[in-house]
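Worksheet: one structure, shown below.
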Amino acid sequence: MLFLFPAALVALAALAAPIAIHILAKRRAERIPFPTLRFVQPGRLASVRRHVLEDLALLAVRLLILAAAVLAVAGPLLVTPQRRAMWNARTQTAVVEGGDLSAGIKHAVLDLLFAPPGRREIVVRSIFPIGSLSPNDILPVPGDYGLRFERTASSPASRTVALAPVLTDSGERPRTMTVDRGTTVQEGAAVGRASPSDALIAAVLSQRVLAPVNGRTARVVSVGSADVERVTASASPIRDAWIADGVAAIARDRDVRAAAKTTTAALDDARLLRSPWIVVAGGAAGRPLASAASVGGSLIVVCAAPADALVSALLLRAAMNAAGDRRVRAEAEVLTIPDSPLQEWTRRPGPAPPPRVETVEQDDRRWFWIAALVLLAIEWRMRTWQRDFSGGREQEDARVA
Amino acid sequence: MTEGEVLARIADLELVARIVVDGLVSGLHRSPFHGYSAEFSQYRRYRPGDDLKYVDWKLVARTDRVYTKQFRETTNMAAALVVDTSASMSFSASASGGSAGAVSKFRYAQILAAALAHLVATQGDAVGLVARDRFLPPRTGRQHLRALLAALSVMKTGGDWQAADVVRRAAERLRRRGLLFVLSDFYDAEDRVFAELRRAARMGHEVVLFHVMSREEIEFPYARDVEFADLETGGIAAVNGREARRPYLDAVTAFLERWRSRAGAEAFQYSLVITDTPPDAALRRFLLSRREK
């Protein structure tokens, strides 16, 4: 027998009440001194013993009434073989299709948790690109849940995906990626754009930088430049996510770090060393070399090194890449998870797990309520019967009362 | 608090007796007891209400003052009070859940005996007290009455009161034809006690029985399971009050009827007194019934 609200069983402690009353009431057969017992018929003594027995039966019935009521409140569910067979005869299925399979499986597990009683099965439909599933994604699925993997299509031999365009010294070039068993990236012809005049920028752009997303701008300002005073004064705390990501990316850039180590220049303007400025590169002896901040929605990096230093160029590349489009194109994957691990993960649904409170269509509490009512009737009958038996002289009792 | 309970609270038995008797005598014109013979003792200043029959008119003529003659009543009757001291007499309703301060049967018998003693003694007759361990021969006088009341008030219940022996002793010590008051519940040695009472009657004594019972004994107002502890034997009987009631009532009624019919057959004065009635009412009823004879 299952209980849908096992917490209600705490009320079984109430069974102590009738027992206590019974014991106390027994004690209440008080002792009364009486002048003489010669008129108190000894033949009636046996009836007391009969009373005790009857009282025990009455107590048992009362306990049963209470127990039935408490069990009824606790939401009993008798797991009969028929019921179990009925549950096992049906399968609750959750289908995971496309998108993030790992998150989908987690959702499916949750959904099935609150499904009506029955066997549990999760069907995953996908082309299963490589990396979309791992044994760790299977782990949260309970052992008695079935798992089935259906490959919806075989992957194409190759596909072409548009990538972010790249800036070169001859302008912006669109890029496409053709993904097949061996991935190649092809660049198109440069689209006409005013050729950057600055030698430094030309040098940086020769390093292939992602074209900035619309509306994003990034600048590197050398300490000697006339703009330093203006940007220093108007710097504000970072509010745009892409600028924050960019600052972190610049600070992580391995090329920048290597080049900065050999640079002796250092920032000596104290304003550039405190908020909202963030030091992104340290020079020789660990002195700050470059700080970044947001100025009017742009990512601005102030660098102590001269404009023609290598580190300045690398900072510029890192800043430009921060403004570029770095999205990952997972759906471009054409390699798929082979069949063998999928078959390994596949399993048949186990027997239906014990149902949850919310999912049971019909429980047995009414039978317990009916039992309580029947017992109540029996108890009433017992009491009246006892009273009838022990004299049937209500009138006289009323007169005495 | 009933009048009986008030009286029970008063420790001084003499006072109680006087209260009971004073309330009584004012309504009775003639001495209820036989053997009234008086000889002159002294004059007393007339007080309104005194019987004009006793005014000494010659004295009025001589002195112009109104005196009544007082008589010393000569003893020609002796009374013996027999008080049951058995443990069953210690029963009171308060011990069995009745109203608090209810009078025990023994206390009631004490009050009744004191009132009777007072009544007899103020009439100038001799009164004595007989109990299991106490014997005061019938004598007259205020001193004797005091001693008798004192002895009565220190009496305690408990044990077998040897009813038949006590009755016989009382009857034998009454030399002349006397008055034998027996205050008891008559539970003990019924037949022997009755035989002794009959013997006392044959000896010429007048036998007056006060059957002292409590309301609980007569009506058995118990409906639940009760364990009764016998006050005399200490025995226990666990019964259901409702079930035991009918046979108990039958038995008790038969017991009371037996004593009533025995008393009637032997021309005893028999009064059933119940402890929740005021003692003076019980006494008055008894005295009135006596006058009707």
Those residues of region A:269-284 which are out of contact with any strand residue (DSSP E or B) (no Cβ under 7 Å at 6 or more places or on another chain) and in contact (Cβ under 8 Å) with a residue 12 or more places away in the chain amount to A:Asp269, A:Arg271, A:Ser275, A:Ala284
Of all residues being modelled with pLDDT of 90 or more and under 14 Å from B:Phe255 (Cβ atoms) in region B:188-213, which is nearest to the other protein chains (Cβ to nearest Cβ)? Just the residue, please.
B:Met213
Qualifying residue in region A:308-322 (condition: modelled with pLDDT of 80 or more, over 30 Å from A:Ile250 (Cα atoms) and aliphatic (A, V, I, L, M))
no
Restricting region B:239-293 to residues that are assigned to a loop (DSSP other than H, G, I, E, B) and of a type in the set (Asp, Glu), the residue that is farthest from A:Val40 (Cα to Cα):
B:Glu292
Answer yes or no: is there a residue in region B:241-250 that is of a type in the set (A, V, I, L, M, F, W, C), more than 7 Å from every other protein chain (Cβ to nearest Cβ), closer than 26 Å to B:Ile111 by Cβ and surrounded by fewer than 18 Cβ atoms within 10 Å (Cβ to Cβ).
no
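Tell me yes or no: at least one residue of region B:252-271 is of a type in the set (A, V, I, L, M) and facing chain A (nearest Cβ under 8 Å). Talk me through it step by step, then tell me what you get.
Kept after step one, since they are of a type in the set (A, V, I, L, M), are these residues of region B:252-271: B:252, B:254, B:256, B:263, B:265, B:267.
Okay, now just the ones that are also facing chain A (nearest Cβ under 8 Å), so B:252.
Yes - at least one qualifying residue is present in region B:252-271.
Of the residues B:Arg175, B:Arg139, B:Arg192, B:Arg199, which is within 26 Å of B:Phe91 (Cβ to Cβ) and either more than 17 Å from the chain's Cα centre (by Cα) or of a type in the set (A, V, I, L, M) (or both)?
Working: B:Arg175 fails: within 26 Å of B:Phe91 (Cβ to Cβ); B:Arg139 fails: within 26 Å of B:Phe91 (Cβ to Cβ); B:Arg199 fails: within 26 Å of B:Phe91 (Cβ to Cβ).
B:Arg192 is the lone residue from the list that is within 26 Å of B:Phe91 (Cβ to Cβ) and either more than 17 Å from the chain's Cα centre (by Cα) or of a type in the set (A, V, I, L, M) (or both).
Under the condition of being assigned to a loop (DSSP other than H, G, I, E, B) and small (Gly, Ala, Ser), which residue from region B:227-238 is nearest to the other protein chains (Cβ to nearest Cβ)? Give the derivation first.
Pass one, region B:227-238, residues assigned to a loop (DSSP other than H, G, I, E, B): B:231-235.
So of that shortlist, the ones also small (Gly, Ala, Ser) come out as B:234-235.
On the way: B:Gly234: 10, B:Gly235: 6 Å.
By that ranking, first place goes to B:Gly235.
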Filter region A:226-241 for residues that are of a type outside the set (Gly, Ala, Ser) and within 45 Å of the chain's Cα centre (by Cα); the one that is nearest to A:Asp268 (Cα to Cα) is A:Thr232
Restricting region B:214-226 to residues that are more than 14 Å from A:Arg38 (Cα to Cα), outside any loop (DSSP other than H, G, I, E, B) and not β-branched (Val, Ile, Thr), which is nearest to the other protein chains (Cβ to nearest Cβ)?
B:Asp225
Region A:75-113, residues that are of a type in the set (D, E, K, R) and either assigned to a helix (DSSP H, G or I) or more than 30 Å from A:Ile130 (Cβ to Cβ) (or both)
A:Arg83, A:Arg84, A:Arg90, A:Lys106, A:Asp111
Among residues of region B:36-75 being among the acidic types (Asp, Glu) and in a strand (DSSP E or B), the residue modelled with the lowest pLDDT is B:Glu73
For A:Pro142, the lone unmet condition from (1) at pLDDT 85 or above; (2) in a loop (DSSP other than H, G, I, E, B); (3) surrounded by 14 or more Cβ atoms within 10 Å (Cβ to Cβ) is (3)
Which residue, of B:Ser184, B:Ser94, is within 23 Å of B:Asp276 (Cα to Cα), at pLDDT 90 or above and out of contact with any strand residue (DSSP E or B) (no Cβ under 6 Å at 6 or more places or on another chain)?
B:Ser184
Starting from residues that are farther than 23 Å from B:Asp280 by Cα and of a type outside the set (A, V, I, L, M, F, W, C), keep the ones in region B:118-136 and report whichever is farthest from the chain's Cα centre (by Cα).
B:Asp133
Residues (at pLDDT 80 or above and either facing another protein chain (nearest Cβ under 9 Å) or in a loop (DSSP other than H, G, I, E, B) (or both)) located in region A:33-74
A:Pro33, A:Phe34, A:Pro35, A:Thr36, A:Leu37, A:Arg38, A:Phe39, A:Val40, A:Ala74
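Going residue by residue through region A:151-165, is there one that turns out to be part of a loop (DSSP other than H, G, I, E, B), modelled with pLDDT under 85, within 30 Å of A:Ala7 (Cβ to Cβ) and small (Gly, Ala, Ser)? Full working, then the answer.
From region A:151-165, those part of a loop (DSSP other than H, G, I, E, B) are A:152-158; that's our starting set.
Narrowing further to those that are modelled with pLDDT under 85: A:152-158.
Restricting the remaining residues to those that are within 30 Å of A:Ala7 (Cβ to Cβ) gives none.
No: region A:151-165 contains no residue that is part of a loop (DSSP other than H, G, I, E, B), modelled with pLDDT under 85, within 30 Å of A:Ala7 (Cβ to Cβ) and small (Gly, Ala, Ser).
The values are calculated or read from the model by the stated rules, or taken from the named source; none is laboratory data. These numbers come from a predicted model, not from an experiment. Don't worry about glycine lacking a Cβ; one is built from the backbone with ideal geometry, like all the others, and counts go over all protein chains shown.
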